[in-house]
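The values are calculated or read from the model by the stated rules, or taken from the named source; none is laboratory data. Being a predicted model, the structure only gives us computed values, none of them experimental. So basically every Cβ, Gly included, is an ideal-geometry build from the backbone, and we count neighbours across all protein chains shown.
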């Protein structure tokens, strides 16, 4: 028998068991210095006193938090940032603020475009779970690089880096400190970081505040599935054996009832437990020869009305409005790309050219005013249309013009939004009171019609 000395025995290193609780993983990644002031205390008490509201928020967050934490840790950022959507959107991915900020991370349109979030008639990536998270972390990292401080970076995320930079410069000129707590900020921004600190306090010590956090597994909630063919939202939900609302909660970026496969395909997010069922159901569906999509596109003409198009394609006007998100008392501008039911004989998907389809709404007649314009020397159809912010082709149709040539003294009938018409009349009246003006006649024969 050979005896091996103890010193020669190499034991495998002990590895800690994987964390099962995502909340614990988040706590271990906290890196920001705590903010302590009366606003933080007030907000912490406020959240803790609303257990139902907190429960709803945290339940919604369970779909998204694992992905957000993964991305934050991959970048080496503090996990407090994973809690920011509690403050921004209460983890409602379709949230839209009065300032037109959208999604979990509340991007306004311009900042969304700055961070490559696509926004068109088909989808709005400000609401896309994966893309908006990528953009938000890119933006927050940039802000931290600018200011070297996470509290200042967060204030900038809410108020804008230019505003924070000016506040810092103002304090520097006055010989004052330039920390986050030393800056004069708007009321909303003053409360912004304290709200995040309050959520952090509760997540760090829920028992202390009498809060029960619903358990969240430290495992992926969703998996991305690539789809290169058009598919209806309802069909995708059916194949995944999900309720449509639950499917939309993971895929809130799609603006229409169809998900386009054009332009390289679309990424669908499905619960990890549903992916195999989706793939099996999709294969079974394909074997029947049934189409996955029931919509195609149509480009409207000046002569089209929604009622006429709906009748022609065999659906109700309200259904057509709902599919294309056209609110009451609005109509489509000519040349708009809309969805109409796909004919049974159509097998081709919506072409990639429709990805850039134009879509514009115009107030219905009740919100329009009729204007008679007297043509002046040098006027063209294009210049008159531009002046009143209408389409040149509409102006031609309204006046049954056979050419784009106009002559001085000719009268044109236009339909313009009431506010625009009133603005034109006001400016025209002011102009006619000045000497040596070329406009010779301005009158208002009726409340709803002005002649220039």
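Does at least one position in region 39-54 carry a residue that is within 20 Å of the chain's Cα centre (by Cα), over 19 Å from residue 249 (Cβ atoms), assigned by TED's automatic domain parsing to the domain that holds residue 29 and part of a helix (DSSP H, G or I)?
no
What tally of residues in region 295-323 results from selecting those that are part of a loop (DSSP other than H, G, I, E, B) and either free of Cβ contacts under 8 Å to residues at least 12 places away in the same chain or out of contact with any helix residue (DSSP H, G or I) (no Cβ under 8 Å at 6 or more places or on another chain) (or both)?
So the answer is 6.
I'm trying to understand the selection: among the residues of region 131-156, which are in contact (Cβ under 8 Å) with a residue 60 or more places away in the chain and under 17 Å from the mean Cα position of the chain (by Cα)?
131, 133, 134, 137
Out of (1) part of a helix (DSSP H, G or I); (2) modelled with pLDDT under 90, what's the single condition that is false for residue 283?
All conditions are met except number (2).
Taking the condition part of a loop (DSSP other than H, G, I, E, B), loosely packed, with under 12 Cβ neighbours inside 10 Å, modelled with pLDDT of 70 or more and not assigned by TED's automatic domain parsing to the domain that holds residue 304, does residue 404 pass?
For residue 404, the condition - part of a loop (DSSP other than H, G, I, E, B), loosely packed, with under 12 Cβ neighbours inside 10 Å, modelled with pLDDT of 70 or more and not assigned by TED's automatic domain parsing to the domain that holds residue 304 - is met.
Residues of region 336-382 being modelled with pLDDT under 90, crowded, with 17+ Cβ neighbours inside 10 Å and in contact with a helix residue (DSSP H, G or I) (Cβ under 6 Å, 6 or more places away or on another chain), which ones?
Correct list: 369, 371, 381.
Kindly indicate the residue of region 114-130 that is assigned to a helix (DSSP H, G or I) and more than 11 Å from the chain's Cα centre (by Cα) and also nearest to residue 231 (Cα to Cα) among those meeting that condition.
Per the stated criteria, the residue is 130.
Residue under question is residue 326, and the condition is that it be at pLDDT 90 or above, closer than 20 Å to residue 391 by Cβ, in a loop (DSSP other than H, G, I, E, B) and in contact with a helix residue (DSSP H, G or I) (Cβ under 8 Å, 6 or more places away or on another chain); does it hold?
Taking the combined requirement at face value, the residue satisfies it.
Can you pull out the residues in region 158-167 that are outside any loop (DSSP other than H, G, I, E, B) and either surrounded by fewer than 19 Cβ atoms within 10 Å (Cβ to Cβ) or in contact with a helix residue (DSSP H, G or I) (Cβ under 6 Å, 6 or more places away or on another chain) (or both)?
158, 159, 161, 162, 163, 164, 165, 166
Can you pull out the residues in region 268-318 that are under 28 Å from the mean Cα position of the chain (by Cα), surrounded by 16 or more Cβ atoms within 10 Å (Cβ to Cβ) and over 20 Å from residue 256 (Cβ atoms)?
If the condition is that a residue be under 28 Å from the mean Cα position of the chain (by Cα), surrounded by 16 or more Cβ atoms within 10 Å (Cβ to Cβ) and over 20 Å from residue 256 (Cβ atoms), then 271, 274, 275, 278 are the ones that fit.
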